[in-house]
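First up is the structure itself, then whatever we jot down about it.
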């Protein structure tokens with residue numbers, strides 16, 4: 001599947017906010033937003049004037065890039081969310097939050113969502129005791145995600161394990177530091193999702 005492979009710091013600058021796509025770098029002075037807080041390109045320093053459609057589009061692009069999904073995949077999530085009971089925007093965010101790669105990131109097993117996606121693709125985790133390498137797999141209440149035994153000795157995971165538990169996972173997840181595992185104890189509510197996203201603008205965009 002095609003995926004963006006260019007400099008991800010440009011994405012943060014385009015959206016005008018930190019999307020935390022580079023892990024530790026996003027928390028340092030090297031962050032592109034800290035150094036050049038304007039859009040990339042020749043005319044990036046001009047003050048943009050967005051139309052109603054432009055605002056809706058930017059909100060959709062921002063959300064899509066935070067979770068690292070492609071356009072068609074994001075539209076599929078929206079269609080699924082629209083068919084579910086409840087508020088479509090909140091359903092959409094819930095579907096994105098319960099992706100396996102996002103859960104790995106939220107538990108603290110990765111420094112960023114792109115890194116979590118790579119870890120899942122490289123078979124470093126099990127889901128309910130079974131090997132899995134599909135980052136977009138949806139987790140359910142009661143599912144247990146665990147780091148594989150053979151991955152614990154990897155240098156990159158040794159560093160992550162040392163710092164595991166320093167960041168508290170959201171209330172809908174339960175972290176077991178001793179067993180290097182996490183459990184989905186509930187589905188996330190809108191209050192559990194700390195992203196500065198106005199999901200109603202996305203719904204308005206797709207409702208045109």
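The values are calculated or read from the model by the stated rules, or taken from the named source; none is laboratory data. Since the model is a prediction, treat every value here as computed from it, not as a measurement. With ideal geometry, Cβ positions are generated from the backbone for all residues, glycine too; neighbour counts draw on all protein chains shown.
Conditions (1) part of a loop (DSSP other than H, G, I, E, B); (2) in contact (Cβ under 8 Å) with a residue 60 or more places away in the chain; (3) out of contact with any helix residue (DSSP H, G or I) (no Cβ under 8 Å at 6 or more places or on another chain); (4) crowded, with 16+ Cβ neighbours inside 10 Å, marked per residue:
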| residue | (1), (2), (3), (4) |
| --- | --- |
| 50 | yes, no, no, no |
| 58 | no, no, no, yes |
| 63 | no, yes, no, yes |
| 92 | no, yes, no, yes |
| 101 | no, no, no, yes |
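Could you tell me which residue of the range 103-120 is farthest from residue 163 (Cα to Cα), considering only residues that are out of contact with any helix residue (DSSP H, G or I) (no Cβ under 7 Å at 6 or more places or on another chain) and in contact (Cβ under 8 Å) with a residue 12 or more places away in the chain? Among them, the one singled out is 114. Every test in (1) surrounded by fewer than 17 Cβ atoms within 10 Å (Cβ to Cβ); (2) free of Cβ contacts under 8 Å to residues at least 40 places away in the same chain; (3) under 19 Å from residue 187 (Cα atoms) is passed by residue 146 save one, and that test is (1).
Filtered by the rule that a residue be part of a strand (DSSP E or B) and under 18 Å from residue 124 (Cα atoms), the range 159-175 gives a lone residue, 175.
When the residues of the range 67-90 are filtered to those that are assigned to a loop (DSSP other than H, G, I, E, B) and in contact with a helix residue (DSSP H, G or I) (Cβ under 6 Å, 6 or more places away or on another chain), which remaining residue is modelled with the highest pLDDT? Filtering first and then ranking leaves 84.
Filter the range 181-194 for residues that are in a loop (DSSP other than H, G, I, E, B) and surrounded by 16 or more Cβ atoms within 10 Å (Cβ to Cβ) and give the result.
188, 193
The single condition among (1) at pLDDT 95 or above; (2) more than 16 Å from the chain's Cα centre (by Cα); (3) part of a loop (DSSP other than H, G, I, E, B) that residue 178 does not satisfy is (1).
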